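I have placed the structure first, in the form of structure tokens, so that the comments after it can refer back to it.
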Amino acid sequence: MKSILSLSAALLLTIQVFGQKSAIQTAYNWMRYEEFDKAKEAIDGAAINETTIGMAKTWYYRGSIYQGIYQSSNSKFDALKPGSLTEAAKSYQKALELDQKQEFSDDIKKRLGVVAAQALNEGVDRYKENDYANAISFFQTSIEINQNLFGRTDTVAIYNRALAANKSGNTDLAIKDFEYLTTVNYGGSKIYSLLGNMYLDRKDTTNALLRINQGRRKFPEDNTLITQALNIYLTSGRDQEALRENDEAIKADPGNHMLYYIKGNLQDKIGNRTEAVLAYKKCLELKPDYFDANYNLGAMYFNEGADLSNKANAIPTNKMAEYDAMKKKFEAKFKEALPYLEKAHAINPTDIGTMQSLRQLYTRMGNLEKASEIKKKMEGQ
């Protein structure tokens, strides 16, 4: 009786093993006919059964089925698509670990190469849709497959992962990736610019300047990096360094009126009025209707005239010759200021600061009619 029971148990076990192996074949057959929902159900069962969970074929077919789901254009499988490419990658990688006889390895590697390319493309699509978290995940899949299977670094995926990480607020990952890319000379000057901005966001001007200036040494023709360095010096009050960077920027982009405007501001700030005037005039030579340069230049001449006028008024009445000489000087400065302030007013007729300056200028020049007109405009604001 014992031998009959033992035989029955062995037979039952044989039937169960055969049944599970049959499930693998069933999944394969459904896959051949692109019935991926049925194929998925069959292979998922085999992938958790203790009899077939350790078989390379189980995971090879599972990877193929999930990749088929991802690639299918049949809308009936749309609900199965989320996560399908990631599952395909995991299944193929599991199959490689189990395929000791190298029965499926060559084909799996080819398929994983395709999965890596698909993951990269999917990541780009998710990035365009502002789905940065999933974009990072897909880029990660491409990176891992290329590194672990083929021993190569997917710099394109790393670059894209860094962009997505930066957009998602994961600046630790973004900086890590961009820093790596600088070591392999990938991405050009843009990498250094992005790193500079990220360090600035962290209030780390030391590392921002370190990376920006490193980029400038490698890409001296890139004016963006020069401008970035200039802005850091400007905002941190380092005027002499800002002037130096601004002159470098002008060499690289001599037709940029803004750079001459910045130079005028800096020169005026440190007291080099002659240089400031020259810079503002060059700015206006390039862009005559630039409001700020017109206003600043007019204000400089006006302020110089006002200073001379105050000095003239302090001259004793018994020194009329000295007063007259000083008067000629301040009147000349007022005349120099007039066309620039009038131009600024014409460009922006509603600017209160310009109208106030013009009203004072007209008054000092004795043109009370013009001063009255400006006053009415101001009151009508």
> If each of Gln360 and Ala332 carries a label point 7 Å out from its Cα toward its Cβ, how far apart are those two points in nm?
Replying inline: 2.2 nm
>> I need to check one value: relative contact order of the chain, counting alpha carbon pairs closer than 8 Å and at least 6 residues apart, in percent.
In response: 6 percent
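Stretch Ile315-Glu97 to full length: gain in nm at 0.36 nm per residue minus the Cα-Cα span? Before the final figure, lay out each step's value.
Values: separation 218, 0.36 × 218 = 78.48 nm, distance 9.78 nm.
Length difference between fully extended and current span is 68.7 nm.
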> Hey, how many Å between the Cα centroid of the stretch 63-85 and the Cα centroid of the stretch 244-275?
Replying inline: 59 Å
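How much length is gained if the chain between Lys167 and Asp247 is pulled fully straight, taking 0.36 nm per residue apart and subtracting their Cα-Cα distance, in nm to one decimal? Spell out each step's value before the answer.
Numbers: separation 80, 0.36 × 80 = 28.80 nm, distance 3.31 nm.
25.5 nm is the gain from fully extending Lys167 to Asp247.
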> Mind checking the dipole of the stretch 236-381: about its Cα centre, +1 per Lys or Arg Cβ, -1 per Asp or Glu Cβ, Debye to the nearest 20?
Replying inline: 480 debye
> For the pair Thr235 and Asp289, how long in nm is the line joining their label points, each one 7 Å along Cα→Cβ?
Replying inline: 3.1 nm
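What ranking, highest mean first, results for peptides 125-131, 36-42 when packing means the other Cβ atoms within 10 Å averaged over each residue? Let's see the in-between values first.
On the way: 125-131: 14.0, 36-42: 20.3.
By packing density, highest mean first, the sequence is 36-42, 125-131.
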> Between Asn130 and Val114, what is the label-to-label distance in nm when each label sits 7 Å out along the Cα-to-Cβ direction?
Replying inline: 3.5 nm
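Give me the dipole magnitude in Debye, nearest 20, for the stretch 188-288 about the Cα centre, with unit charges on the beta carbon: positive for Lys and Arg, negative for Asp and Glu.
Numbers: 16 positive and 13 negative charges, 19 e Å.
Dipole of the stretch 188-288, to the nearest 20 debye: 100 debye.
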>> Quick check: net charge around Ile315, other residues with Cβ under 14 Å of its Cβ, Lys/Arg +1 and Asp/Glu -1?
In response: +2
> Once the other residues with Cβ under 14 Å from the Cβ of Ile347 are scored (Lys, Arg +1; Asp, Glu -1), what is the net sum?
Replying inline: -2
>> Given bins 5 angstrom wide, list per bin the percent of all Cα-Cα distances in the stretch 81-161, short to long.
In response: 3, 17, 27, 23, 16, 8, 4, 2, 0
> For Lys282, which aspartates and glutamates qualify as cross-link partners when the Cα separation must be under 17 Å and same-chain residues fewer than eight apart are set aside?
Replying inline: Asp247, Glu248, Asp253, Asp268, Asp292, Glu336
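Pull out the extension gain between Glu50 and Asp106, defined as 0.36 nm times the separation in residues minus the alpha carbon to alpha carbon distance; nm, one decimal. Write out the running numbers ahead of the final one.
Numbers: separation 56, 0.36 × 56 = 20.16 nm, distance 2.60 nm.
Extending this stretch completely gives an extra 17.6 nm.
Determine the sum of side-chain charges near Gly63: Lys and Arg each +1, Asp and Glu each -1, restricted to other residues whose C-beta is under 9 angstrom from that of Gly63. Display every interim value, and only then the final one.
Numbers: positive: Arg62, Lys90, Lys94, Arg111; negative: Glu87.
Taking every other residue near Gly63 into account, the sum is +3.
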> Taking only the alpha-carbon positions of the chain and ignoring solvent, what does the Debye formula give for the base-10 log of I(q)/I(0) at q = 0.06, 0.07, 0.10, 0.12 Å⁻¹?
Replying inline: -0.51, -0.60, -0.83, -0.98
>> Treating only the Cα positions of the stretch 236-375 as identical point scatterers, give the base-10 log of I(q)/I(0) from the Debye formula at each q in 0.15, 0.22 Å⁻¹.
In response: -0.80, -1.23
>> Calculate the FRET efficiency for Arg273 and Leu210 from the Cβ-Cβ distance with a Förster distance of 45 Å, rounded to the nearest 0.05.
In response: 0.80
>> What number do you get for the stretch 188-288 when its Cα radius of gyration is normalised by 2.2 N^0.38 Å, N = residues?
In response: 1.10
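Since every read-out is calculated from the coordinates, none of them should be taken as a lab result. Everything numeric here is computed off the predicted structure, so don't read it as measured data. Because the Cβ atoms are built from the backbone with ideal geometry, glycine has one as well, and the counts that use them run over all protein chains shown.
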